Amino acid sequence: MKLLLTIDVLCAEGISVKGADTEISMVPFTAKAHGEYFKGETVGTGVDTQRLDKNTGAFTLSARYMLEGTDCAGNACRIFIDNSSINGGLHPVIVTDSPVLAAWENIPLSATVEPCGGGRVTVKIFSESR
């Protein structure tokens, strides 16, 4: 696997609602991204939606956000990321207006989330193909 992007996330206070069978939390965040191919930061605020099924204990999340910055060719661009849990793993979907990074839209991706303390996490996005 090849590291494509590292994203340093700062979470704000979340809000939640507890239903009879499901609990939903929404955690707003800002982020700065860096790596060999792209550098930038969030446009506005992203949100991480976390869902807990009280009956089964199943936990899913989906973080959606847009980054604005510069690709490795020096061109201004935007990247939209939907990082969702699927079958126990994180599998981001990326959409970008960068011709240099356009291949990211069509390759299998995976991600890790590393807690850093103080409401901070680091997300790393990897290409699953070599």
> Along the charge dipole of region 2-127, which of 81, 22, 102 sits closest to the positive end, that is, farthest toward it, with unit charges on the beta carbon of Lys, Arg, Asp and Glu (+1, +1, -1, -1)?
Replying inline: 22
>> Can you give me the distance in nm between label points at residue 82 and residue 17, each placed 7 Å from the Cα along the Cα-to-Cβ direction?
In response: 2.1
> Near residue 18, which lysines are there with a Cα under 24 Å away, not counting those fewer than 8 places off in the same chain?
Replying inline: 54
>> Can you compute the charge dipole magnitude of region 2-127 about its Cα centre, using +1 on each Lys and Arg Cβ and -1 on each Asp and Glu Cβ, nothing else charged? Give it in debye, rounded to the nearest 20.
In response: 140
> Per 5 Å bin, what percent of the C-alpha pairs of region 2-127 does each bin hold, from zero upward?
Replying inline: 2, 11, 20, 24, 19, 12, 7, 4, 2, 0, 0
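Suppose a student asked you for the relative contact order of the chain, using Cα pairs under 8 Å spaced at least 6 residues apart; what percent would you report?
Relative contact order of the chain: 24 percent.
Just so you know, all these numbers are worked out from the coordinates, no wet-lab data involved. Nothing here was measured: the structure is a model prediction, and the numbers come from that model. When we count neighbours, we look across all protein chains shown, and the Cβ atoms used for this are built from the backbone with ideal geometry, even at glycine.
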